[in-house]
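Note sheet for the following structure.
The values are calculated or read from the model by the stated rules, or taken from the named source; none is laboratory data. Predicted model, so just to flag it, every value in this text is computed and none were measured. We place every Cβ from the backbone using ideal geometry, glycine too, and count neighbours over all the protein chains shown.
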Amino acid sequence: MMIKNILNKIIEQIKYYLVYRGNKVKYLRSMGVRIGEHCQILNHPHNYGSEPWLIEIGNKVTITYGVFFLTHDASSRLFRESIPDSSPFGNRFGAIRVQDNCFIGVNSIILPGVSIGPNSIIGAGSVVVKDVPSNSVVAGVPARMISSLEDYIKKYEARMIPINATNREDLRKELTQYFWGEVR
């Protein structure tokens, strides 16, 4: 069984790198994830769980590094044999829906049955256990409402650093001058 699992992982890596040439969106779509247009997918394809076909991502969504999607509750492994008519796969699943124009921060976890409304931000390291209303910013464990998107934008604007750079080299010069008083 262990060798079979290792071989399956190797085959998936080969498919990802050779067949889909490292294109995460195409690879995830082949696994059943519905993904809209103009998305930035930075996390690894294995972070979409064992039921990727239960995940739907809208347009203009950014999913950062380390984000995990869990579409099932596997805790029943401890007791499912004692429940009549229990499936060997478990019996608690939930679809995950991320609607248009959302940002999901680094190392967040999205649990089964959650819908994230359009124009929402999930703060880094959050565990999202319930639906997120549209136009909102949530963060924490468990994730809770921090502010409306409108209020967040006002706070963001108040802390903005003026940037004139049009390339990474100039950005480095501007930011090191701003923060350290010298170009590094």
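Observations on the structure shown:
- Flag for Gly58 being touching a residue at least 12 places away in the same chain (Cβ under 8 Å) and under 16 Å from Val127 (Cα atoms): no
- Candidates Gly113, Gly117, Gly105, filtered to the one that is buried (at least 16 other Cβ atoms within 10 Å of the Cβ), over 19 Å from Gln40 (Cα atoms) and assigned by TED's automatic domain parsing to the domain that holds Tyr48: Gly113
- If you go through the range 19-55 and keep only what is farther than 23 Å from Val127 by Cα and assigned to a loop (DSSP other than H, G, I, E, B), you end up with Tyr20, Arg21, Gly22, Asn23, Gly32, Gly36, Glu37, His38.
- Long-range neighbours under 7 Å by Cβ, at least six apart or interchain, first residue surrounded by 10 or more Cβ atoms within 10 Å (Cβ to Cβ) within the range 159-184, second part of a helix (DSSP H, G or I) and basic (Lys, Arg): Val183/Lys173
- Some residue of the range 88-104 being within 22 Å of Ala139 (Cα to Cα), touching a residue at least 60 places away in the same chain (Cβ under 8 Å) and in contact with a Lys or Arg (Cβ under 8 Å, 6 or more places away or on another chain): yes
- Hits in the range 33-79 - residues which are within 21 Å of Ile10 (Cβ to Cβ) and touching a helix residue (DSSP H, G or I) at 6+ places or on another chain (Cβ under 6 Å): Pro45, Pro52
- Restricting the range 64-87 to residues that are touching a strand residue (DSSP E or B) at 6+ places or on another chain (Cβ under 9 Å) and β-branched (Val, Ile, Thr), the residue that is nearest to Leu111 (Cα to Cα): Thr71
- Taken over the range 55-72, the criterion of being of a type in the set (Phe, Trp, Tyr) and surrounded by fewer than 19 Cβ atoms within 10 Å (Cβ to Cβ) is satisfied by Tyr65, Phe68.
- Verdict on Asp85 being farther than 19 Å from Asn47 by Cβ and in contact (Cβ under 8 Å) with a residue 60 or more places away in the chain: no
- Scanning the range 120-158 for residues that are in contact with a helix residue (DSSP H, G or I) (Cβ under 8 Å, 6 or more places away or on another chain) and either in contact (Cβ under 8 Å) with a residue 40 or more places away in the chain or closer than 16 Å to Thr62 by Cα (or both) gives Ser120, Ile121, Asn135, Ser136, Val137.
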